[in-house]
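So the structure is just underneath, and the comments pick up after that.
The values are calculated or read from the model by the stated rules, or taken from the named source; none is laboratory data. Keep in mind it's a predicted model, so treat the numbers as computed, not measured. Positions of Cβ are backbone-derived with ideal geometry, glycine not excepted, and every protein chain shown enters the neighbour counts.
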Amino acid sequence: MNRIVENPDKVRRAEVVVGIPSYRESDSIGYVTGKVDEGLVKFFDRKDCVIINVDNNSPDDTKQAFMGQKTRLPKLYISTAPGVKGKGRNIRNLFEAAVELGAKAIVMVDADLTSITPQWVQFLIEPLYMGHDYVIPIYVRHKYDGTITNNIAYPLTRVLYGLRTRQPIAGDFGLSGKLARAYLTEKTWDDNVSEFGIDIWMTTIAISRGFQVCQTFMGAPKSHRAKDPGAELGPMFYQVVGTIFSLAVDFEYLWKYSAESLPTNIFGFGLGVREEPPPVRVDSGRLLKSFVQGLIKHWKIWTRVIAPLNLDDLNKLQKMSADKIKVSADLWARILFDFIVAYRDRLIERSELLNALIPIYYIRTLAFVNDTRDMGTKEAEDFLEEECRIMEEEIYYLIAKWNQTPRQDGIPSIAQYLME
Amino acid sequence: MKISTVKRGSVCVVIPHVNKIDASIAVEFKKKMIDIVNAGESRLVLNLQEVDFIDSSGLGALVSVYKSAGPNGAVKLFHVKDSVRSIFELTRLDKVFGIHVSEEGAVESLE
């Protein structure tokens, strides 16, 4: 892959690499770079460290903001070729650079963080020196921040791979050099992974390939550019969800036989965080409107994809007022499983299929907002844990449907096999 | 679809008169079964002697009934054909619904 490299400090080796993926982050990357530098100097001053901005050739002043930030440690700028975009492509450049530099510990942090502290670098790196290969942060988030995480990425990672990793698409991770090399040779890389599918791909690969995974307390709530969950999702939704579904197809041999989920090792402890995360506003009316519009637009697809048992329950929702909407965790799980099987069989063109899921995701988000309206952060978290447990119980539905639906990819299902 | 019921003490024995419980009848099956639960029968024993096939939707309907029965309720199965038993075993639902050989065994397990 062509890339643009600026290495004014002529860095040739580094034991610790911190990467900051970016696209148009000129207003925030300097702050993040400064905190990363502080953290590396304070906690890892005896190690060779480098900070790398992996960028998509941003047309704003991202590069200048990064390179111009005063730091004590060397910096490296790597960009994809002009016109080539995607967070995953940036991160692949980071993996390649880290492997070339001989890195043992690699960390990546989002460029739009406003809550990053120097200790975040410490918390993400230290577990790597204690034998872990992949470090996922735990931080307090507002109950309505990260709705793709809460409704899809977290529960499905639990259900499918049996490991409870609370922020599987956090954007801030630590990984070993060994895992970076494994990522570069992994066969499941695709176009969605090259973009926003990268985070869930990294987490899933780390779990499914048997690397040592842990979570680490970050000590401060995550604060970044949070969005109204009802706002335009754009390609992020289908890149993330498409990656989850693709990997579910690739790794069926894992989830078919996984038992109840297990907690992931946790590094550190809660640190008594009392700081509240910044609020996230939700426009309930817009979520309901998007669902009703989606019902009209995607009804034909829904009738092909969603089992009548589930569609019947879903259809009842359109007559309810926004504040009364309930979408139970078991119904939501079965609908996701209907979509996974349809995705496997390419029943509908895949991007169209994923677009048809978005209105149902909106109504599930609205239901979560209703269920947790009067709850604080901790109560909402406990509620979500119970919802995920209920979703885990529905795995029977996916297993049965997966086996009983004739496959379109030439691989006979168990039912077909038994009939022949 | 027709469902008949017989009382055995505090247990309600339910016989679905269908040879398959699949997507095409799952909605109706679930509704009729939940009507039975709502009528006060939360300890159910299902006689599946006529059922040759059950799919994911049928299982979903049964699990919904199981949940509707509440924490003091129960759903047990008996006269389960091999073709049906295999899907319960594959999905590990055989551990949720006890599968019994006879009606007596299923009823006794709830008394």
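A Cβ distance below 7 Å, combined with a sequence gap of six or more or placement on separate chains, defines the contacts here; from the range A:71-91, residues that are in a helix (DSSP H, G or I) reach residues that are buried (at least 16 other Cβ atoms within 10 Å of the Cβ) and charged (D, E, K, R) in the pairs A:Lys87/A:Glu195; A:Gly88/A:Glu195; A:Asn90/A:Asp55.
Considering only residues in the range A:328-350 that are under 16 Å from A:Val249 (Cβ atoms) and within 20 Å of the chain's Cα centre (by Cα), the one that is surrounded by the fewest Cβ atoms within 10 Å (Cβ to Cβ) turns out to be A:Arg350.
Considering only the range A:184-192, I want to know if a residue exists there that is more than 25 Å from A:Lys256 (Cβ to Cβ) and modelled with pLDDT of 95 or more. Yes, some residue in the range A:184-192 is more than 25 Å from A:Lys256 (Cβ to Cβ) and modelled with pLDDT of 95 or more.
Out of A:Gly83, A:Gly88, one residue alone is assigned by TED's automatic domain parsing to the domain that holds A:Met130 and within 23 Å of the chain's Cα centre (by Cα). It is A:Gly88. Within the range B:82-111, how many residues are away from chain A (no Cβ under 14 Å) and surrounded by fewer than 18 Cβ atoms within 10 Å (Cβ to Cβ)? Total satisfying the criteria: 8. Condition (residue is buried (at least 21 other Cβ atoms within 10 Å of the Cβ) and of a type in the set (Gly, Ala, Ser)) applied to the range A:106-120: is it met by at least one residue? Taking every residue of the range A:106-120 in turn, at least one turns out to be buried (at least 21 other Cβ atoms within 10 Å of the Cβ) and of a type in the set (Gly, Ala, Ser).
For residues that are polar (S, T, N, Q) and assigned to a helix (DSSP H, G or I), scanning just the range A:307-335, find the one that is farthest from the other protein chains (Cβ to nearest Cβ). Per the stated criteria, the residue is A:Gln318. Is it fair to say B:Leu44 is more than 14 Å from chain A (Cβ to nearest Cβ) and touching a Cys at 6+ places or on another chain (Cβ under 6 Å)? For B:Leu44, the condition - more than 14 Å from chain A (Cβ to nearest Cβ) and touching a Cys at 6+ places or on another chain (Cβ under 6 Å) - is met.
Report yes if some residue within the range A:304-317 is in contact with a Lys or Arg (Cβ under 6 Å, 6 or more places away or on another chain) and farther than 21 Å from A:Thr372 by Cα; otherwise report no.
At the first step, the residues of the range A:304-317 found to be in contact with a Lys or Arg (Cβ under 6 Å, 6 or more places away or on another chain) are A:310.
Then keep just the ones that are farther than 21 Å from A:Thr372 by Cα; that gives A:310.
Yes, that holds for at least one residue.
Selection within the range A:267-289: residues that are surrounded by 15 or more Cβ atoms within 10 Å (Cβ to Cβ) and not in a loop (DSSP other than H, G, I, E, B). The member of this set that is modelled with the lowest pLDDT is A:Phe267. When the range B:27-59 is filtered for residues that are under 18 Å from B:Val13 (Cβ atoms), assigned to a helix (DSSP H, G or I) and basic (Lys, Arg), only B:Lys32 remains. Only a single criterion out of (1) within 13 Å of chain A (Cβ to nearest Cβ); (2) in contact with a Cys (Cβ under 6 Å, 6 or more places away or on another chain) is not satisfied by B:Met33, namely (2). No other residue among A:Ala98, A:Ala14 is more than 20 Å from the chain's Cα centre (by Cα), outside any loop (DSSP other than H, G, I, E, B), touching a residue at least 60 places away in the same chain (Cβ under 8 Å) and closer than 19 Å to A:Lys178 by Cα apart from A:Ala98. For residues that are surrounded by 16 or more Cβ atoms within 10 Å (Cβ to Cβ) and assigned to a loop (DSSP other than H, G, I, E, B), tally how many sit in the range B:1-23. Qualifying residue count for the region: 3. Looking across the range B:57-81, just one residue is surrounded by fewer than 18 Cβ atoms within 10 Å (Cβ to Cβ) and within 10 Å of chain A (Cβ to nearest Cβ), and that is B:Lys67.
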